[in-house]
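What follows is a set of notes on a single structure, which appears directly below.
The values are calculated or read from the model by the stated rules, or taken from the named source; none is laboratory data. From a predicted model like this one, the values you see are computed outputs, not experimental measurements. Virtual Cβ from ideal backbone geometry, glycine too; neighbours counted across all protein chains shown. Accessible surface is based on the protein model in full, side chains and every heavy atom, while ligands, DNA and RNA are left aside. Shrake-Rupley method; radii C 1.70, N 1.55, O 1.52, S 1.80 Å.
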Number of protein chains: 2
Amino acid sequence: MSADLPVTFIDIATAVSRIEGHVHHTPVMRSHRLDDILKAKIAFKCENFQRIGAFKARGAHNAVLALDETAAERGVVTHSSGNHAAALSLAAATRGIPAFIVMPENAPQAKVDSVRRLGGQIEFCAPTITAREAAADAIAASRGATLVHPYDDPLVIAGQGTAALELLEEVGPLDAIVAPVGGGGLMSGTAVVARHMQPGIRIIATEPEQADDAFRSWKTGERTAGDPPNTIADGLRTTLGVNGFHILTVLLDDFVTVSEAAIVDAMRLVWEVMKIVIEPSAAVPVAALLEGKVDLKDARVGVILSGGNVDLDRLPWQ
Amino acid sequence: MSADLPVTFIDIATAVSRIEGHVHHTPVMRSHRLDDILKAKIAFKCENFQRIGAFKARGAHNAVLALDETAAERGVVTHSSGNHAAALSLAAATRGIPAFIVMPENAPQAKVDSVRRLGGQIEFCAPTITAREAAADAIAASRGATLVHPYDDPLVIAGQGTAALELLEEVGPLDAIVAPVGGGGLMSGTAVVARHMQPGIRIIATEPEQADDAFRSWKTGERTAGDPPNTIADGLRTTLGVNGFHILTVLLDDFVTVSEAAIVDAMRLVWEVMKIVIEPSAAVPVAALLEGKVDLKDARVGVILSGGNVDLDRLPWQ
């Protein structure tokens, strides 16, 4: 079945070797109190502790380290709402090559600062997918830089899948694995790994109701941009990519959307109980459990906490 | 030298066996970025991930589990600004005995809720040491409950020392170890363990300038209550105990006080960079490094992050 997919388990296993030593093997955390509240036995894969504060470090390193010397010298370029931008800047700096970053004007300041600190060269654009892609294409054309798409590049998807691989290796059999969907890179990589390593596992995607393009695409079988996203989960405002759509259509067991209120409650709950900082996007799978939108009572559930980059001056519950 | 002290390394080693399985062996975290900012190689012992969100779970369990059956049946009583109260409630619940908790009226709501959830029976009193002690003594007299002093009970001090023991076992040789001082339980236990395991280590206490009774006691050689404490670090508003004073007088190498602004900056810095939630008291040792008040350039430093119980609706930088 998965032989036809744009990313295979072999690609992800290769990514593990390629990025080893460059990204963190993040911890898995558990909380009895959260298990009581969410009524499941949850293993949280803490990508908020990943380099640059999000899983995106994985995919970016895989893409940058896979470049041949000639291509690498000309640098890399991308458009991103933030975490991928920081990740690509870091990966490029590691290899000593330039990273050109197209960011929307409304990107959170914390993410802009992060890219600058890591040496990325920022070009701002209008906060639309079209404007971002045009600006990135222009830089790729003029500089010969390699475009590293933030979520639909197969190397990026393979890199993101390494988080779930580590999780499943560490915790053993799970009944379900849950992750958030923005452009689909993390969810696709997670799905490919999970289906290969534990064929019977339930693979569940989660998305904000107010940015539910991927859910609608999956439901209808036709990739759609949907309404303009309007969610606090800034990492999930992107549209599902072509490769992500393909993979998720084949591999997903279920897809759950959650309210903005549940995202805020879930985020706060994780901070309060687990004493870790997660960003709104990372709270989306937790929100699905909190809202009881998916039947996982007493199940062993793996949750990918995607990142922890928030603006501490603008917390959503205040 | 340490044979005369009210708590010895043997007491702490005994506490390790006694509390094993009842409290968490917390992780040690490192951050290259924080090392760059603070100019030292820091191993953070994350007691914010401890049960009830603070190191206090250690001392309370050690004291409760050491009681004989007859004493245990009558329950335990204490006065506390919060974390010890939750810790004693939990330890008592573990053993199936009652915990009577005297708390100041101005205790943070998060800490009150935590005690109630854990089954502690709360009696509120005026927010002074005198009022707290009187109320706790009255309950001890009327019920025959054992008073477990929040920081000066030798069993509590021994329990708190187990955090540093785990840290030193895990990370090996350090140049210095730094912890905060409130009543002195954590700092005393830390000092006893550190001097025994690594005789040449620098043992450094830290305290808010605006609650510097322990610093002044150490400096003058005379235990003093000092001015009324007025610090954001609510866990450190207590006065240094008799046993703590004795131990710190003998074992400390240095004592540093920090400003309120530095505490807030340090707290925020740890949240931002490490993606973990720590309370203001836990930020005090980090503030000492941030303010450069102690010469630890390029040194290997162990820092005890004492807890993570904060009111998320009232963050100090907002």
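Considering only region A:101-135, state which residues are of a type in the set (Lys, Arg) and in contact with a Cys (Cβ under 7 Å, 6 or more places away or on another chain). Listed by number, the list holds a single entry, A:132.
Note on region A:11-31: residues that are in a helix (DSSP H, G or I), surrounded by 18 or more Cβ atoms within 10 Å (Cβ to Cβ) and of a type outside the set (A, V, I, L, M, F, W, C) total 2. Restricting the search to region A:31-63, which residues are within 11 Å of chain B (Cβ to nearest Cβ) and more than 15 Å from the chain's Cα centre (by Cα)? Of everything in region A:31-63, those that are within 11 Å of chain B (Cβ to nearest Cβ) and more than 15 Å from the chain's Cα centre (by Cα) turn out to be A:31, A:32, A:33, A:36.
Conditions tested, residue by residue: (1) open to solvent by 50 Å² or more (accessible area, probe 1.4 Å); (2) touching a residue at least 60 places away in the same chain (Cβ under 8 Å); (3) of a type in the set (A, V, I, L, M).
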{"site": "A:93", "(1), (2), (3)": "yes, no, yes"}
{"site": "A:96", "(1), (2), (3)": "yes, no, no"}
{"site": "A:100", "(1), (2), (3)": "no, no, no"}
{"site": "A:103", "(1), (2), (3)": "no, no, yes"}
{"site": "A:112", "(1), (2), (3)": "no, no, yes"}
{"site": "A:115", "(1), (2), (3)": "no, no, yes"}
{"site": "A:118", "(1), (2), (3)": "no, yes, yes"}
{"site": "A:126", "(1), (2), (3)": "no, no, yes"}
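Residues that are buried (at least 22 other Cβ atoms within 10 Å of the Cβ), part of a helix (DSSP H, G or I) and among the hydroxyl-bearing types (Ser, Thr, Tyr) within region B:206-224 comprise just one, B:217.
Consider residue A:8 carefully, then state whether it is hydroxyl-bearing (Ser, Thr, Tyr) and crowded, with 20+ Cβ neighbours inside 10 Å. Here the answer is no, as residue A:8 does not meet what is asked. Listed by position, the helices (runs of 4 or more DSSP H) contained in region A:237-318 that have at least 2 residues being within 14 Å of chain B (Cβ to nearest Cβ) and surrounded by fewer than 20 Cβ atoms within 10 Å (Cβ to Cβ) are A:260-274.
Scanning region B:187-204 for residues that are open to solvent by 10 Å² or more (accessible area, probe 1.4 Å) and part of a helix (DSSP H, G or I) yields a count of 3. If you filter region B:225-236 down to residues that are hydrophobic (A, V, I, L, M, F, W, C) and part of a loop (DSSP other than H, G, I, E, B), you find that the one that is nearest to residue B:295 (Cα to Cα) is B:233.
Is it the case, given these coordinates, that residue B:184 is open to solvent by less than 10 Å² (accessible area, probe 1.4 Å) and on the phi > 0 side of the Ramachandran plot? So residue B:184 passes the test. Residue A:10 - would you say it is in contact (Cβ under 8 Å) with a residue 40 or more places away in the chain and of a type in the set (A, V, I, L, M, F, W, C)? Judged against the criteria, residue A:10 is not a match. The set of residues in region B:1-50 being of a type outside the set (A, V, I, L, M), out of contact with any Gly (no Cβ under 7 Å at 6 or more places or on another chain), at pLDDT 95 or above and closer than 18 Å to residue B:187 by Cβ consists of B:6, B:8, B:9, B:11, B:26, B:44, B:46, B:50.
Restrict the check to region A:129-149 and report whether at least one residue is under 14 Å from residue A:306 (Cβ atoms) and of a type outside the set (S, T, N, Q). Within region A:129-149 (the criterion being under 14 Å from residue A:306 (Cβ atoms) and of a type outside the set (S, T, N, Q)), the answer is no, since none of the residues qualifies.
Pairs meeting the criteria (first residue in region A:55-83 and open to solvent by 10 Å² or more (accessible area, probe 1.4 Å), second residue in a loop (DSSP other than H, G, I, E, B) and hydrophobic (A, V, I, L, M, F, W, C), beta carbons under 6 Å, at least 6 apart or on different chains) are A:74/A:145. Residues in region A:32-54 that are open to solvent by 60 Å² or more (accessible area, probe 1.4 Å) and over 17 Å from residue A:150 (Cα atoms): A:32, A:33, A:36, A:37, A:39, A:41.
Screening A:133, A:170, A:166 for residues that are open to solvent by 10 Å² or more (accessible area, probe 1.4 Å), modelled with pLDDT of 95 or more and under 27 Å from residue A:245 (Cα atoms) leaves exactly one candidate, A:166. Can you confirm whether residue B:157 is buried (at least 21 other Cβ atoms within 10 Å of the Cβ) and assigned to a strand (DSSP E or B)? Criteria not met by residue B:157.
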